[in-house]
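Beneath this line is the structure, given in C-alpha cells, with notes to follow.
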Amino acid sequence: MFKKGIVFGLSICVLSLVAVVMLASCSRKPQQDKQKSADVDAVNKGNVGADWVPVLIELPKPMFVGTPTNIKGVAKLEKPLGRARPPFYAPAGVTNLAVGKPVTGSEEDPIMGNLDMVTDGDKEAPDGSYVEMGPFLQYVTIDLEQEYDIYAVLLWHYHKRGRVYFDVVVQISKDPDFIDVVTIYNNDHDNSAGLGIGQDMHYVETNEGRLIEASGARGRYVRMYSNGNSSNDLNHYIEVEVFGK
Ligand SMILES: [Ca+2]
Ligand SMILES: [Ca+2]
C-alpha cells in the first residue's frame with residue numbers, strides 16, 4: 001500500500017513535469033518566431049514568417065555608382081540606403097510569376113519598344129531594353145493568368161542614369177477592371193492621378209529596381225502607374241517581376 005502510494009505519487013510528479021515542459025515549449029515558440037522576424041536583415045523586417053526564405057533576385061548590371069547629382073528639387077525623396085538592399089523573405093516556393101506573361105497598357109503602341117518587353121526577362125539598362133510611353137499618366141498591366149498570393153513586386157522603370165519617376169502607384173486586383181484593388185505603393189502626394197493621396201516616398205531608380213512588399217495580397221492582375229520623371233515627361237518600363245505562389 002505504502003509502495004503503491006509512492007509509485008502513484010512519483011507518476012503524478014513525472015506527468016506534471018512533462019506537462020510543464022510541453023507547455024513551456026509551446027508558449028516559447030511564437031516568441032522565438034517573432035525574435036527571428038525582428039532580428040533578420042530583410043526588406044520586410046518585422047514581417048518575416050518563421051520558415052520563410054530569402055527570395056532569389058537577379059540584378060542587371062549597374063550603370064552608375066553613388067548618389068546621382070542630376071536630380072534637383074524632388075520633394076519627399078528617399079535617402080539612398082548606402083549599401084546593397086537586404087534580402088526579401090517569403091514562403092518557400094515563391095518565384096517570379098510575371099516572366100513571359102501578357103502585358104497591356106494605357107498605350108498599346110508605345111513610342112519605343114513594345115509592352116511585351118515588361119515581362120521578357122531583360123532588365124538591362126541600354127536603349128532597346130525599355131518601353132517608352134508618352135507623357136501624362138500611363139500604366140502597364142500584367143495578367144498572371146490566374147490568382148496567386150503575391151508577396152512582392154519588383155519594378156525597374158529606367159536605370160541608365162539616376163531618375164525619379166512621379167505618381168508611381170502599384171495595384172493588385174482579382175478583376176481586370178481593378179474595381180476591388182489593393183494598392184501596395186503610392187507616391188502621388190497630391191492625388192493628381194486620382195487614385196488617392198499616397199504616403200510613399202519618391203526614390204531614385206537604380207539597377208536594384210524598386211522592391212515593393214505585397215504581404216500575400218491575392219490577385220491576378222498587377223498594374224503600375226507613372227507620370228513622367230525628373231528628366232522628362234515620358235514614362236519608361238524595363239521589367240516588372242511579381243513574386244508569389
Ligand atoms: Ca524587359
Ligand atoms: Ca502627383
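The values are calculated or read from the model by the stated rules, or taken from the named source; none is laboratory data. This is a predicted model, so every value here is computed, not measured. Positions of Cβ are generated from backbone atoms using ideal geometry, with glycine treated the same way; all protein chains shown enter the neighbour counts.
Please verify whether PRO80 is within 28 Å of ALA42 (Cα to Cα), surrounded by fewer than 21 Cβ atoms within 10 Å (Cβ to Cβ) and modelled with pLDDT under 95, treating the condition exactly as stated.
Spelling it out, PRO80 is indeed within 28 Å of ALA42 (Cα to Cα), surrounded by fewer than 21 Cβ atoms within 10 Å (Cβ to Cβ) and modelled with pLDDT under 95.
For the range 233-245, give me the residue count where each residue is part of a loop (DSSP other than H, G, I, E, B) and within 16 Å of SER106 (Cβ to Cβ).
2
Somewhere in the range 106-122, is a residue more than 21 Å from VAL55 (Cβ to Cβ), more than 16 Å from ligand 1 (Cβ to nearest atom) and in contact with a helix residue (DSSP H, G or I) (Cβ under 8 Å, 6 or more places away or on another chain)?
Within the range 106-122, one or more residues are more than 21 Å from VAL55 (Cβ to Cβ), more than 16 Å from ligand 1 (Cβ to nearest atom) and in contact with a helix residue (DSSP H, G or I) (Cβ under 8 Å, 6 or more places away or on another chain).
Of the numbered conditions (1) at negative phi; (2) within 16 Å of ligand 2 (Cβ to nearest atom); (3) exposed (fewer than 11 other Cβ atoms within 10 Å of the Cβ), ASP109 fails exactly one; give the number of that condition.
(2)
Out of (1) over 20 Å from VAL169 (Cβ atoms); (2) more than 16 Å from ligand 2 (Cβ to nearest atom); (3) loosely packed, with under 15 Cβ neighbours inside 10 Å, the odd one out for GLY73 is which?
(2)
Only strands (runs of 3 or more DSSP E) wholly contained in the range 148-232 count here; list those with 3 or more residues that are in contact with a Phe, Trp or Tyr (Cβ under 9 Å, 6 or more places away or on another chain) and closer than 23 Å to PRO86 by Cα.
Values: elements: 169-173, 181-186, 210-226.
Here the list reads 210-226.
For the range 108-118, indicate whether the set of residues that are under 25 Å from ASP177 (Cβ atoms), touching an Asp or Glu at 6+ places or on another chain (Cβ under 7 Å), assigned by TED's automatic domain parsing to the domain that holds ARG223 and part of a strand (DSSP E or B) is non-empty.
no
Residue by residue, here is whether (1) away from ligand 2 (no atom under 13 Å from the Cβ); (2) of a type in the set (Val, Ile, Thr); (3) out of contact with any His (no Cβ under 7 Å at 6 or more places or on another chain) holds:
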position	(1), (2), (3)
THR183	yes, yes, yes
ASP188	no, no, yes
ASP200	no, no, yes
THR206	yes, yes, no
GLY209	yes, no, yes
GLU213	yes, no, yes
ARG223	yes, no, yes
VAL240	yes, yes, yes
PHE243	yes, no, yes
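Within the range 147-172, count every residue that is among the basic types (Lys, Arg) and under 16 Å from ASP190 (Cα atoms).
0
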